[in-house]
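Presented below is the structure to which this report refers.
A short reminder: the numbers here are calculations on the coordinates, not readings from a lab. Treat the numbers as computed from the prediction; the structure is a model and nothing was measured. Every residue, glycine as well, gets a Cβ built from its backbone with ideal geometry; the counts of neighbours run over all protein chains shown.
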Amino acid sequence: MNSDIIQSFIIHSRSYGETSIIFDMLTPQNGIISVILKGAKKRKDFAQLHVGKEFDIQISKAKLPMLLKYEVGDSYLIQKKHLLVIMYFNELMLRLIPKYQPQKRLYSIYKQYLEYMSKTDDNKNIIIIGFELLLLKNIGYAINTQLQTSEINDEDLYTYDYLIGFKKINTKSSLHITGITLKKILNFDINSITELENVRLITRNIITNIAGDKTIKSFDII
């Protein structure tokens, strides 16, 4: 038995056999790990094992560790309208982040966003864009530009180039934003962005490019 207490969030679960469940969990020390809880569906406290709660867990030492003990730590009452957003965040992490690599910063970001979504009435796209930008930065794909701030004009149009970041364009496209929006992205002033749909199209394209042949199914519902 590994006696260390590990902080964790459940980000995905799937049945294993008749009564057991495999959980994918986000942890600070080891990133995303998979653990199995044998006989999970027979347990009286099974209903509490879901997203939106932080758990202190103990696991065995094995290729697929057993979940030996768990206690609920912080719990976030996520508004119903944000539940699909959490599912999307969880899928992004599963698709874009290699397992078993420390993710202390991402763990902190995820926890902050759970708390945020338990309280806010912000537009879902504001929430999504903020998390996407922080996640991309965390995995080494920060949204950037080679332009100096003084070169970005509020009324000019810009699009994202995977090699050089945002660049100026002369004609409108489905993937353009204005200079004023670009400045807000670079300053992480997400709440005052008005071109939310265009920004989401751009971040979606970036994520799709990074994911390669891994499909982000949540794109169909969020």
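Tabulated values for the structure
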| quantity | calculated |
| --- | --- |
| Reachable aspartates and glutamates from K42, criterion Cα separation under 16 angstrom, eight or more residues apart if same chain | E18 |
| Fluctuation leader among Q148, Q101, Q112 - the chain, Gaussian network, Cα springs under 10 angstrom | Q148 |
| Tilt relative to the chain, helix 104-117 - C-alpha long axis, 0 to 90 degrees, to 10 | 80 |
| Within a Gaussian network of the chain (alpha carbon springs, distance under 10 Å), most fluctuating of S192, S20, S150 | S150 |
| Computed [θ] at 222 nm, helices only, for the chain once each DSSP H run of length n ≥ 4 contributes -39500 (n - 2.57) | -9500 deg cm²/dmol |
| Distance violations [Cα-Cα > 31 Å] among K119/K168; K80/K214; K44/K137; K69/K99; K119/K172; K44/K124 | K119/K168; K44/K137; K119/K172; K44/K124 |
| Per-selection metrics, the chain (Cα): Rg and Dmax in Å | 19.6, 62 |
| Size-normalised alpha-carbon gyration radius of the range 6-75, reference 2.2 N^0.38 Å | 1.00 |
| DSSP-defined beta bridges in the range 80-220 - what % are antiparallel, rounded to 5 | 90 |
| ³J(HN,Hα), Karplus 6.51/-1.76/1.60, whole Hz, each residue of the range 24-32, x for Gly, Pro | 9, 10, 8, 10, x, 6, 10, x, 8 |
| Under 5 Å, built H, 5+ apart or other chain: amide partners of T145 | F166 |
| Cβ-defined net charge surrounding N153, 15 Å radius [Lys, Arg +1; Asp, Glu -1] | 0 |
| Relative contact order of the range 80-220, pairs being alpha-carbon contacts under 8 Å that are 6 or more residues apart, as % | 24 |
| Under the Karplus curve 6.51 cos²θ - 1.76 cosθ + 1.60, θ = phi - 60°, whole-Hz ³J(HN,Hα) for the range 74-90, x wherever Gly or Pro sits | 6, 10, 10, 7, 6, 4, 3, 5, 9, 5, 5, 5, 4, 4, 5, 4, 5 |
| 5 angstrom amide H check on I59, placed H, neighbours 5+ away | N2, L68 |
| Fluctuation leader among L64, L106, L182 - the chain, Gaussian network, Cα springs under 10 angstrom | L64 |
| Total formal charge among the other residues, if their Cβ is under 15 angstrom from that of K183, Lys/Arg +1 and Asp/Glu -1 | -3 |
| Three-way shape label, the range 41-99, alpha-carbon gyration tensor, a/c 1.5 | oblate |
